[in-house]
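Working notes for the structure below.
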Amino acid sequence: MEDCIFCKIIKGEIPSKKVYEDDEILAFYDINPIAKVHVLVIPKMHIQSLLELKEENKDLLFHIFEKINEVSKIVGVDKTGFRVISNVGEDSGQAVKHLHFHILGGEKLPTR
Ligand code: AMP
Ligand code: ZN
């Protein structure tokens with residue numbers, strides 16, 4: 001996807017502050033954090049959102065959640081707790097059309 005910001009981050013064309021990377025996924029700090037700790041976890045494969053997921057992506061999805069677990073430890077929110085969000089479509093405010101999971105923590109989060 002040529003004009004996808006997250007694909008550019010994966011290719012190294014846009015810099016990012018990486019937390020974790022492997023062949024399938026990348027985790028990096030959000031450029032505009034809305035919590036003291038705000039990390040994004042993305043698949044390297046361009047998938048628009050959760051709505052695009054297919055049966056064949058099930059191993060990838062499990063891998064993402066395993067690594068969300070690991071990233072929470074790396075950034076030190078596993079003991080205090082955190083929130084995982086994936087925005088889908090217009091009403092959610094999804095700005096980047098490349099599947100991503102926000103990890104928010106490091107402070108008490110608003111309950112709504
Ligand atoms: P969403 O609104 O769920 O699509 O979230 C997109 C997120 O990507 C926002 O929280 C942005 O701050 C973040 N973002 C956009 N560009 C970058 C970038 N170059 N590096 C890190 N995070 C970014
Ligand atoms: Zn992309």
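If I filter the stretch 10-28 down to residues being free of Cβ contacts under 8 Å to residues at least 12 places away in the same chain and not in a loop (DSSP other than H, G, I, E, B), which single residue comes out as farthest from Arg112 (Cα to Cα)? Lay out the reasoning, then the answer.
Quick first cut of the stretch 10-28, residues free of Cβ contacts under 8 Å to residues at least 12 places away in the same chain only: 11-15, 18, 21.
If we keep only those that are not in a loop (DSSP other than H, G, I, E, B) as well, we get 11, 18, 21.
On the way: Lys11: 35, Lys18: 29, Glu21: 31 Å.
Among those residues, the one meeting the criterion is Lys11.
Quickly run through the stretch 6-28 and pick out the residues that are of a type in the set (Val, Ile, Thr) and either more than 12 Å from ligand 1 (Cβ to nearest atom) or buried (at least 16 other Cβ atoms within 10 Å of the Cβ) (or both). Spell out how you get there, then give the answer.
From the stretch 6-28, those of a type in the set (Val, Ile, Thr) are 9-10, 14, 19, 25; that's our starting set.
Correct list: Ile9, Ile10, Val19, Ile25.
Quick check on the stretch 29-55: of everything there that is among the aliphatic types (A, V, I, L, M) and assigned to a loop (DSSP other than H, G, I, E, B), which residue is most open to solvent (accessible area, probe 1.4 Å)? Don't jump to the end; show me each part of the working.
Going through the stretch 29-55, the residues among the aliphatic types (A, V, I, L, M) turn out to be 31, 34-35, 37, 39-42, 45, 47, 50-51, 53.
Of the ones still in play, those that are also assigned to a loop (DSSP other than H, G, I, E, B) are 31, 34-35, 45, 47, 53.
Numbers: Ile31: 168, Ile34: 128, Ala35: 9, Met45: 101, Ile47: 11, Leu53: 51 Å².
Filtering the stretch 29-55 for residues that are among the aliphatic types (A, V, I, L, M) and assigned to a loop (DSSP other than H, G, I, E, B), the one most open to solvent (accessible area, probe 1.4 Å) comes out as Ile31.
State whether the residues of the stretch 57-66 include one that is in a loop (DSSP other than H, G, I, E, B), within 16 Å of ligand 1 (Cβ to nearest atom) and either without any contact (Cβ under 8 Å) to a residue 12 or more places away in the chain or open to solvent by less than 20 Å² (accessible area, probe 1.4 Å) (or both).
Filtering the stretch 57-66 down to residues in a loop (DSSP other than H, G, I, E, B) leaves none.
The answer is no; no qualifying residue exists.
Scanning the stretch 67-78 for residues that are under 19 Å from Lys36 (Cβ atoms) and touching a residue at least 24 places away in the same chain (Cβ under 8 Å), which turns out most open to solvent (accessible area, probe 1.4 Å)? Outline the logic, then answer.
Looking only at the stretch 67-78, we keep the residues that are under 19 Å from Lys36 (Cβ atoms), and these are 68, 71-78.
Going one step further and asking which of them are touching a residue at least 24 places away in the same chain (Cβ under 8 Å), we end up with 68, 71-72, 74-77.
Numbers: Ile68: 5, Val71: 1, Ser72: 3, Ile74: 91, Val75: 26, Gly76: 49, Val77: 2 Å².
That would be Ile74.
Arg112 passes all but one of (1) modelled with pLDDT under 95; (2) surrounded by 13 or more Cβ atoms within 10 Å (Cβ to Cβ); which number fails?
(2)
The values are calculated or read from the model by the stated rules, or taken from the named source; none is laboratory data. Keep in mind that this is a model prediction, so the values were computed, not measured. Backbone-built Cβ (ideal geometry, glycine too); neighbour counts: all protein chains shown. What goes into the accessible areas is simple: the full protein's heavy atoms, side chains included, and nothing from ligands, DNA or RNA. Shrake-Rupley method; radii C 1.70, N 1.55, O 1.52, S 1.80 Å.
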